[in-house]
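> Got a structure for you, written out below as structure tokens; questions coming shortly.
The values are calculated or read from the model by the stated rules, or taken from the named source; none is laboratory data. This structure is a prediction, so every number in the text was calculated from the model and none was measured. Here the Cβ positions follow ideal geometry from the backbone for every residue, glycine too, while neighbour counts run over all protein chains shown. Accessible surface is based on the protein model in full, side chains and every heavy atom, while ligands, DNA and RNA are left aside. Shrake-Rupley method; radii C 1.70, N 1.55, O 1.52, S 1.80 Å.
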Amino acid sequence: MRVCVIGTGYVGLVTGACLAHIGHDVICIDNNEEKVKLMKSGQSPIFEPGLSEIMQSAINSGNIQFSSDLPAGVAHGEILFIAVGTPPLPNGESDTRYVEAVARGIGENLNGGYKVIVNKSTVPIGSGDWVRMIVLDGIAERQKTLIPAGGSSVEEKLPEISAQFDVVSNPEFLREGSAVYDTFNPDRIVLGGNSLQAIGMMKDLYAPIVERKFAADQSLPPVPVLVTDLSSAEMIKYAANAFLATKISFINEVANICDRVGADVTQVAKGIGLDSRIGNKFLQAGIGWGGSCFPKDVSALIHTADDYGYEAQLMKAAVSVNERQRLIALEKLQQALKILKGKTVGLLGLTFKPDTDDLRDAPALILIEQLNRLGAKVKAYDPIISQTGMRHGLSGVLVETDAERLADSCDALVLVTEWQQFSTLDYGKMAKLMNHAVMIDGRNFLDPEVMVRAGFQYVGVGR
Ligand SMILES: NC(=O)c1ccc[n+]([C@@H]2O[C@H](COP(=O)([O-])OP(=O)(O)OC[C@H]3O[C@@H](n4cnc5c(N)ncnc54)[C@H](O)[C@@H]3O)[C@@H](O)[C@H]2O)c1
Ligand SMILES: O=c1ccn([C@@H]2O[C@H](COP(=O)(O)OP(=O)(O)O[C@H]3O[C@H](CO)[C@@H](O)[C@H](O)[C@H]3O)[C@@H](O)[C@H]2O)c(=O)[nH]1
């Protein structure tokens, strides 16, 4: 099928590349010319395992094009994905201005056969109908520009724009760091809308994925496809993220109690996770959740509830537990070093999770800010950020090129991101290079006994 994906961030680029890889004819549109240039040269503007390979295979098969030409994209696609960002406004509300710009742009350029406009961005409940309205506005705007010069009556002279379309909500559940894998191996596909034709086209589009033709385990039953109304589809996305974030806040709260009573939260998580009603995923206690989605999506749902006069108490509690949790490493550093002024703290990892270069709402950023406030010097080593350096605009932190340089002269290390590489560092050597060999393991990632043998005073979270 002919597909146009508008917005080539994590979601748009992975979606576009994966759909091209499974045989669709895809054009990816972005208004950032630099990004388009980079993608045209076969390079991915983001670090995401497996993405460059998928992009390259799609480029080689001629199934993918990159462009900043929205009209060309709209003309090309039978299915038009909106995949631009929906960042948070200061009050927690979702900023939908990029979605609005794209929807208007689609309307202004619609002319021709039937199109399905798909909201893949995470958008507030009700946005499906709103997008429809904006597209219609765009069509009306264009129509005005088409009135022939000298036309006296709009009704008389208005040319026909053939613009039949439906809007579908198709929320995205991929995780950064495993986005390509998640796209080919989804737990479910959610389609919201009331047009049989549009839903039928979406099912055709995803058929190879539903039938697990590109899955790691092709013997599994087909991927469940949930067809529902627009608002429920939009709500599913927010509810899924809010539930997962709450689950993490819950285990973090349990970890803080474990710290006080002398229990080990990793054992507790194992013990409760074996209950199939609870499940063992998202029970990793640590320094709190971050990233481009959980914080903004939970806040947006709280804001929506607020708009309807409902106080989302549980979600607000999940957020406040998380805000406190992000400072837990600071508290533990103060317990170990007492005074932080003048001390040097090294951060192992900067990104909000491993296998991504994304620093959006990363717990490391708050730690850097707070350590600076308390007069500590902050250094960091991150397998990806150390390579890409200051392009990320970090301030208040010296980014080192390897873990041993990081350890040199530090008074403590904090493991912030559980990069796999951090399991095989020479911790014995690192401990010797430090002023004080203190290790705050913000992800309970390291083996406490190994750390003690390496010469560290080891401090985990709830263990
Ligand atoms: N990042 C994730 O893991 C993830 C997962 C699921 C859902 N989502 C949701 O998907 C949406 C996109 O997220 P993201 O992280 O990929 O965003 P992003 O910020 O990484 O990328 C957005 C892209 O859209 C482009 N853009 C903005 N305005 C445009 C316009 N008018 N025309 C063309 N391109 C335009 C930007 O240049 C950028 O490349 C958000 O709503 C997000 O909540 C994200
Ligand atoms: O047991 C856990 C699991 C995760 N985290 C933290 O939670 C945050 C989010 O992690 P993860 O969910 O793995 O990454 P994202 O890429 O942000 O993915 C989430 O957000 C996406 C955007 O909406 C959704 O599509 C995904 O389904 C959803 O998992 C990160 O800071 C993790 O360190 C924990 O602290 N403990």
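> Quick check: net charge around D182, other residues with Cβ under 13 Å of its Cβ, Lys/Arg +1 and Asp/Glu -1?
Details: positive: R175, R188; negative: E48, E172, E176, D187, D355.
Net charge in that neighbourhood comes out at -3.
> Tell me the relative contact order for region 324-421 as a rounded percent, counting alpha carbon contacts under 8 Å between residues six or more apart.
Taking the mean separation of contacting Cα pairs over the length of region 324-421, I get 37 percent.
> Next question. Mind checking the per residue accessible area of region 31-190 for me, 1.4 Å probe, whole number of Å²? Don't skip to the answer; put the middle values down first.
On the way: 7380 Å² over 160 residues.
On a per-residue basis, 46 Å².
> Moving to a separate point now. Note down the relative contact order for the chain as a percent, whole number, built from C-alpha pairs under 8 angstrom at least six residues apart.
11 percent
> Moving to a separate point now. On the protein heavy atoms, probe 1.4 angstrom, tell me the percent of accessible surface of the chain carried by carbon and sulfur.
Heavy-atom surface of the chain belonging to carbon and sulfur, 1.4 Å probe: 53 percent.
> Can you compute the charge dipole magnitude of region 300-403 about its Cα centre, using +1 on each Lys and Arg Cβ and -1 on each Asp and Glu Cβ, nothing else charged? Give it in debye, rounded to the nearest 20.
In total the dipole reaches around 640 debye.
> Another question, then. What does the C-alpha gyration tensor say about the overall shape of region 170-308? Classify as rounded when a/c is under 1.5, otherwise prolate if a/b is larger than b/c, or oblate. Write down the numbers at each step before the final one.
Numbers: a/c = 2.71, a/b = 1.56, b/c = 1.74.
Since a/c reaches 1.5 but b/c is at least a/b, the shape of region 170-308 is classed as oblate.
> Also: Run the numbers for S276 and L38: contour at 0.36 nm per residue of separation, minus the present Cα-Cα distance, in nm.
Result: 81.1 nm gained on full extension.
> Here's something else I'd like to know. With a probe of 1.4 Å, find how much accessible area region 311-463 has per residue, and write the answer as a whole number in Å². Could the numbers behind the result be given before it?
Values: 6780 Å² over 153 residues.
Here the residues of region 311-463 average 44 Å² of exposed surface.
> Over region 5-47, calculate the relative contact order: mean separation of alpha carbon pairs under 8 Å at least 6 apart, over the residue count, as a percent.
Over region 5-47, the number comes to 35 percent.
> Compare the Cα positions of S292, N322, I278 along the charge dipole of region 277-329 (+1 at Cβ of Lys, Arg; -1 at Cβ of Asp, Glu; about the Cα centre) and return the one farthest towards the positive end.
Selected residue: I278.
> May I ask you to list the lysines whose Cα is less than 28 Å away from that of K144, ignoring any residue fewer than eight positions away on the same chain?
Within the straight-line cut-off, K144 pairs with K115, K157.
> Show the residues, 5+ positions off or on another chain, whose built amide H is closer than 5 Å to the amide H of T228.
Close amide H contacts, sequence-distant or interchain: L191, G192, G193.
> Where in region 204-218 is the amide nitrogen less than 15 Å from a point lying 7 Å along the Cα-to-Cβ axis of Y181?
215-218
> Based on the Cβ-Cβ distance of A240 and D447, what FRET efficiency does E = 1/(1 + (r/R0)^6) give at R0 = 35 Å, to the nearest 0.05?
That gives a FRET efficiency of 0.60.
> Along Cα→Cβ, 7 Å out, is where each label goes; now give me the distance between the ones at E53 and E331 in nm to one decimal.
According to this spin-label approximation, the distance is 4.2 nm.
> Rounded to the nearest 0.05, what FRET efficiency is calculated for A216 and Q313 with R0 set to 60 Å and r the Cβ-Cβ distance?
In this case the efficiency is close to 0.90.
> May I pose another question? Which trypsin sites (Lys or Arg not before Pro) from region 249-355 combine a DSSP loop assignment with at most 16 other Cβ atoms within 10 Å?
Of the trypsin sites (Lys or Arg not before Pro), the ones in loops of region 249-355 whose Cβ has at most 16 other Cβ atoms within 10 Å are R277, K281, K338, K341.
> With a sphere of radius 14 Å drawn around the Cβ of G138, what net charge do the other residues whose Cβ falls strictly inside it have (Lys, Arg +1; Asp, Glu -1)?
Here the count lands on +1.
> Stretch S68-S320 to full length: gain in nm at 0.36 nm per residue minus the Cα-Cα span?
86.6 nm
> Work from the charge dipole of region 1-138 (Cβ charges, +1 for Lys and Arg, -1 for Asp and Glu, about the Cα centre) and give the residue of T96, G138, G77 farthest towards its positive end.
It is G77.
> Say R0 is 45 Å: what FRET efficiency, to the nearest 0.05, do I339 and S423 get from their beta-carbon distance?
0.90
> Sort 116-122, 309-315 for me by packing, meaning the mean count of neighbouring Cβ atoms within 10 Å per residue, highest on top.
The most tightly packed comes first, giving 116-122, 309-315.
> Over the chain, consider all pairs of different Cα atoms and compute the Kirkwood hydrodynamic radius from their mean reciprocal separation; express it in Å, one decimal.
On the way: mean 1/r = 0.0415 Å⁻¹.
That comes to 24.1 Å for the chain.
> Output wanted: per-residue J couplings in Hz (rounded whole) for region 290-297, from phi through Karplus 6.51 cos²θ - 1.76 cosθ + 1.60, θ = phi - 60°, x for Gly and Pro.
x, x, 7, 10, 3, x, 6, 6
> How far apart, in nm, are two points set 7 Å out from the Cα along the Cα-to-Cβ line at K144 and at L89?
So the label points at K144 and L89 sit 2.4 nm apart.
> Here is a further query. With charges only on Cβ, +1 for K and R and -1 for D and E, what is the dipole size of region 375-448 about its Cα centre, in debye, rounded to 20?
Here region 375-448 has a charge dipole of around 220 debye.
> Using the crude model of +1 on Lys and Arg Cβ and -1 on Asp and Glu Cβ, and no other charge, please compute the dipole size for the chain relative to its Cα centre, in debye to 20.
Dipole size: approximately 1100 debye.
> Distance in nm between label sites at A263 and D129, each 7 Å beyond Cα in the beta-carbon direction?
4.7 nm
> Just name one of M430, I236, S61: the one whose Cα is farthest towards the positive end of the charge dipole of the chain (beta-carbon charges, Lys/Arg +1, Asp/Glu -1).
M430
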